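Okay, so here's the structure we're looking at.
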Amino acid sequence: MTPFDADGQVDYPGLRNLVNYLIDGGVEYLVSLGTTGESVTLDKEEKKKIFSFTAEVVNGRVGLIAGIAGNNTHEVVEQIKQFDTTGYDAILSASPSYNKPTQEGIYQHYKAIAEASPLPVILYNVPSRTGSNVTAETTVRLAHDFKNIIGVKEASGIFDQLNQIMRDKPEDFLVISGDDPISLPMIALGGVGVISVVGNALPRQFSDMIRLCLDGDFKSAQKAHSTFIDFTRMMFAEGSPAGVKTALKYLGVCGDTVRLPLVQVSNSLADKIIRETKMLNAPVTAH
């Protein structure tokens, strides 16, 4: 999540607070400038500074992934070529939005990225945002054809597709949940973790639940999972990351400003988020 001050400028002290809050909360890696980071409303210089600042604050304490994506393949490739990889372990790249490419177009898009990238690449399939689905066949084809395509953030919610990826992928190819509410069943099918929205606000609680899943203790995990149901719905009820920013403001980590076309949540939803956050006993420490 990218904090902004009341004037809509990047809040770097808030970003430092957030990074430390998340690491102290037990997360094992961070994604800078993914969807939750409002990357589409940041210009090139802002992105460059955020990437550099985040790497400096993280300082090797956890894994760090850079979100670099777009619907112009040439431009994405140029961004990757110019990217300062210092402190970063991988690149997360969502499939092109709006264009609605064919599966061959999606394959060629990621082929160009893989051939240009100095870092391992994680695919990101999120049809609800991009307008097109990366099929299991395309994901598996990319996984087998490019050794530096190491995983997928899968947010289609199509479990038949997930089953096929799990069956046909290379053994070391990582399948990561891209959707908080279905992380538990995805891990049960062989997923290795989650890139989370809820984890921005409740890193320790959500990480603990995911680790129970990874340890195979699904009975305990299910109990923890159920406590997040209402909170997760609230995070997306009026757009993400407006919901999670409301929780983080209550926790004293950073402000709740978002950039247009996103807007802050309504007062009524904010009250509900604050009550739920308080009930879940989220830590209030900021740094």
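The values are calculated or read from the model by the stated rules, or taken from the named source; none is laboratory data. Everything numeric here is computed off the predicted structure, so don't read it as measured data. So basically every Cβ, Gly included, is an ideal-geometry build from the backbone, and we count neighbours across all protein chains shown. These area figures cover heavy atoms from the full protein model, side chains too; ligands, DNA and RNA do not enter into them. Shrake-Rupley method; radii C 1.70, N 1.55, O 1.52, S 1.80 Å.
State whether the residues of the stretch 240-249 include one that is open to solvent by 30 Å² or more (accessible area, probe 1.4 Å) and in contact (Cβ under 8 Å) with a residue 40 or more places away in the chain. No, because not a single residue in the stretch 240-249 is open to solvent by 30 Å² or more (accessible area, probe 1.4 Å) and in contact (Cβ under 8 Å) with a residue 40 or more places away in the chain. Filter the stretch 201-223 down to the residues that are open to solvent by 50 Å² or more (accessible area, probe 1.4 Å) and touching a residue at least 40 places away in the same chain (Cβ under 8 Å) and list them by number. Scanning the stretch 201-223 gives 204, 208. State all residues of the stretch 9-61 that are part of a loop (DSSP other than H, G, I, E, B) and under 17 Å from the mean Cα position of the chain (by Cα); if no residue qualifies, say none. 25, 26, 27, 28, 33, 34, 38, 42, listed by residue number. Quick check: anything in the stretch 259-271 among the hydroxyl-bearing types (Ser, Thr, Tyr), over 30 Å from residue 5 (Cβ atoms) and open to solvent by 20 Å² or more (accessible area, probe 1.4 Å)? There is no residue in the stretch 259-271 that is among the hydroxyl-bearing types (Ser, Thr, Tyr), over 30 Å from residue 5 (Cβ atoms) and open to solvent by 20 Å² or more (accessible area, probe 1.4 Å). Candidates are the residues of the stretch 29-48 that are in contact with a strand residue (DSSP E or B) (Cβ under 6 Å, 6 or more places away or on another chain) and of a type in the set (S, T, N, Q); the one that is surrounded by the most Cβ atoms within 10 Å (Cβ to Cβ) is 32.
What about residue 198, is it within 30 Å of residue 5 (Cβ to Cβ) and either among the hydrophobic types (A, V, I, L, M, F, W, C) or surrounded by 22 or more Cβ atoms within 10 Å (Cβ to Cβ) (or both)? Answer is yes for this residue.
On the stretch given as the stretch 214-231, residues that are under 19 Å from the mean Cα position of the chain (by Cα) and within 20 Å of residue 28 (Cβ to Cβ) total 3.
Here 6, 69 are screened, and the one residue that is more than 23 Å from residue 134 (Cα to Cα), open to solvent by 30 Å² or more (accessible area, probe 1.4 Å), of a type in the set (A, V, I, L, M) and in a loop (DSSP other than H, G, I, E, B) is 6. Residues in the stretch 121-162 that are in contact (Cβ under 8 Å) with a residue 12 or more places away in the chain, part of a loop (DSSP other than H, G, I, E, B) and either open to solvent by less than 40 Å² (accessible area, probe 1.4 Å) or over 19 Å from residue 78 (Cβ atoms) (or both): 11 in all.
Scan the stretch 102-110 and tell me whether some residue there is more than 15 Å from residue 146 (Cα to Cα) and either modelled with pLDDT under 95 or not in a helix (DSSP H, G or I) (or both). Among the residues of the stretch 102-110, at least one is more than 15 Å from residue 146 (Cα to Cα) and either modelled with pLDDT under 95 or not in a helix (DSSP H, G or I) (or both), which makes the answer yes.
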